[in-house]
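This report refers to the structure that appears directly beneath it.
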Amino acid sequence: MNMLNEAQLRERAAAIRLLVLDVDGVLTDGRLYFSAQGEALKAFHVRDGAGIVQLRKLGVMVAIISGRNSPAVDFRMRELGVSYVKQGISDKQAALQELLQEVNLSPHAVASVGDDTPDIPMLKLACLAVAVQDAHPQVRATAHYITQLPGGQGAVREVCDLIISQLSAAQLIAGRES
């Protein structure tokens, strides 16, 4: 297990400038609902959205890298002002590397949240790898931090709050030093 101690976790959280999220099982509870017409419905937790908005206001970019395609994800991310939305991705590590080049960041500034084995390569690239509480055991074994809450039930807000608390602390320290 790659779990960090409290000081290491705070240090890495303070360095985050990009939060990369999977969708199914992270922003949702992982269940897929289909109508008779085949349309997939997704339920998003409002607190996760509020955390994403707060992070963005502090200048932290948020991105989605998902293996599935969903118009509901596009709609929700537009509502939250998330412009980096990559769906239908089979190689999440390559997608993250492309995104890092696009936004001119190194992996040392990235936190990534996942729940299942396709997320592992993306998590291994990130400075702060997070598994939701109900993640697959292999994902939990890869993670530096495991949320208290399960996917789709506020886990993303928990990660946002962790980053925000460390950004705020770092900003306060920087303000005192100037």
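Here are some notes:
- Looking only at the range 111-126, and only at residues there that are open to solvent by less than 20 Å² (accessible area, probe 1.4 Å) and of a type outside the set (Asp, Glu), the one that is farthest from LEU27 (Cα to Cα): ALA126
- PRO71 being under 22 Å from TYR145 (Cα atoms) and open to solvent by 70 Å² or more (accessible area, probe 1.4 Å): no
- ALA43 being farther than 20 Å from ALA143 by Cβ and free of Cβ contacts under 8 Å to residues at least 60 places away in the same chain: no
For (1) within 16 Å of LEU19 (Cβ to Cβ); (2) in contact with a His (Cβ under 7 Å, 6 or more places away or on another chain); (3) among the charged types (D, E, K, R), each residue gets a yes or a no:
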{"site": "GLY49", "(1), (2), (3)": "yes, no, no"}
{"site": "LYS57", "(1), (2), (3)": "yes, no, yes"}
{"site": "PRO71", "(1), (2), (3)": "no, no, no"}
{"site": "GLY81", "(1), (2), (3)": "yes, no, no"}
{"site": "VAL85", "(1), (2), (3)": "yes, no, no"}
{"site": "ILE89", "(1), (2), (3)": "no, no, no"}
{"site": "ALA95", "(1), (2), (3)": "yes, no, no"}
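- LEU123 part of a helix (DSSP H, G or I) and farther than 21 Å from LYS42 by Cα: yes
- Lone qualifier among GLN87, GLN101 - being closer than 23 Å to ALA50 by Cβ, out of contact with any Leu (no Cβ under 7 Å at 6 or more places or on another chain), surrounded by fewer than 19 Cβ atoms within 10 Å (Cβ to Cβ) and at pLDDT 95 or above: GLN87
The values are calculated or read from the model by the stated rules, or taken from the named source; none is laboratory data. Since this is a predicted model, take the numbers as computed values, not measurements. Cβ: placed from backbone, ideal geometry, glycine included. Neighbour counts: every protein chain shown. The area values use the complete protein model at the heavy-atom level, side chains included, leaving out ligands, DNA and RNA. Shrake-Rupley method; radii C 1.70, N 1.55, O 1.52, S 1.80 Å.
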